[in-house]
1. Considering the chain as a Gaussian network with a 10 Å cut-off on Cα pairs, which listed residue, 144, 88, 158, attains the greatest mean-square fluctuation?
2. For helix 304-313, what angle does its Cα long axis make with the longest principal axis of the chain, in degrees from 0 to 90 and rounded to 10?
3. If contacts are Cα pairs under 8 angstrom and at least 6 residues apart, what is the relative contact order of the chain in percent?
4. Which three extents, in whole angstrom, do the alpha-carbon atoms of the chain cover along their principal axes, largest first?
5. For residue 86 and residue 218, calculate 0.36 nm times their separation in residues minus their Cα-Cα distance, and state this gained length in nm to one decimal.
6. Find the percent of Cα-Cα distances in the range 192-254 that exceed 17 Å, and round it to a whole number.
7. Pairing the Cα long axis of helix 131-149 with the longest principal axis of the chain, what angle in degrees results, from 0 to 90 and rounded to the nearest 10?
8. On each of the three principal axes of the Cα atoms of the range 120-169, give max minus min coordinate, whole Å, ordered largest first.
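Laboratory data are not the source of any read-out in this text; all were calculated from the coordinates shown. This structure is a prediction, so every number in the text was calculated from the model and none was measured.
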Ligand SMILES: [Zn+2]
């Protein structure tokens, strides 16, 4: 399988440096350091939207590791993303900020220095970013989503604080350390003996959107079991052979997508009507025609799903931009 848009690991995470409590402050003082700003999981982008707006510490205005943002505001998390070509990269993860915080530049509406910044989501721009930017952005968004959703200790419920350069949250009451979580999900290109691919339409998707089947791995399951269970539950199709093909992070908010090819042993369809409301078998010619005519909208360019479909198809499939 091709290298997936969000699986381009080129930045050295230099994880051994995270335990240094002075790391962020020291990197902040280094003018070569570059900082990625993430605001509620959106990325600061260059004007043309094809790169990250990575800034030197001096160009971030009031946004410093020591800045107090005021009562009722969740403090920003400073995270060390790693090193690439002798440059260290930090991310500042902003959440819950008031729309016009006095003196704080760097958020939408937060000050003139940042008014013109273009913000975008990793889903929308991941595939057009360089290898370095895609790697930095994927890590930063995954950390941002984790910090946002895990503010409290799982043992006692007390609010926790970021530690280890943004890679740990620690409880001040009992010292419990929480680590970032990743939820495994399987996604599969199911094909039949005639070479057709099985695509489904999920209840919560925009009309006409079709994609590969997918689902979360349940406790006690192997990945192969999860593939067979999801396909059977959603479409009634019995799957035999299952082959692993690749993976990529999908931090919306915390998935790791594990991609498989799966061979169907039956072709009769019986959708569950709840998660999946329609499922269809497509030949290559049928899918090409359906996409061309706008009858089928394919998933976004950053997704594993489109990579699986195009691998089966044998090349790129022209398609109108899809939402969601
Ligand atoms: Zn606790």
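1. Sorting by GNM fluctuation, first place goes to 158.
2. The answer is roughly 40 degrees.
3. Relative contact order for the chain comes out at 17 percent.
4. The Cα atoms of the chain stretch 62, 46, 36 Å along the principal axes, largest first.
5. Gain on extension, residue 86 to residue 218, equals 43.4 nm.
6. Every Cα pair in the range 192-254 considered, those over 17 Å come to 52 percent.
7. Approximately 80 degrees, to the nearest ten.
8. On the principal axes, the range 120-169 reaches 43, 20, 13 Å in Cα extent.
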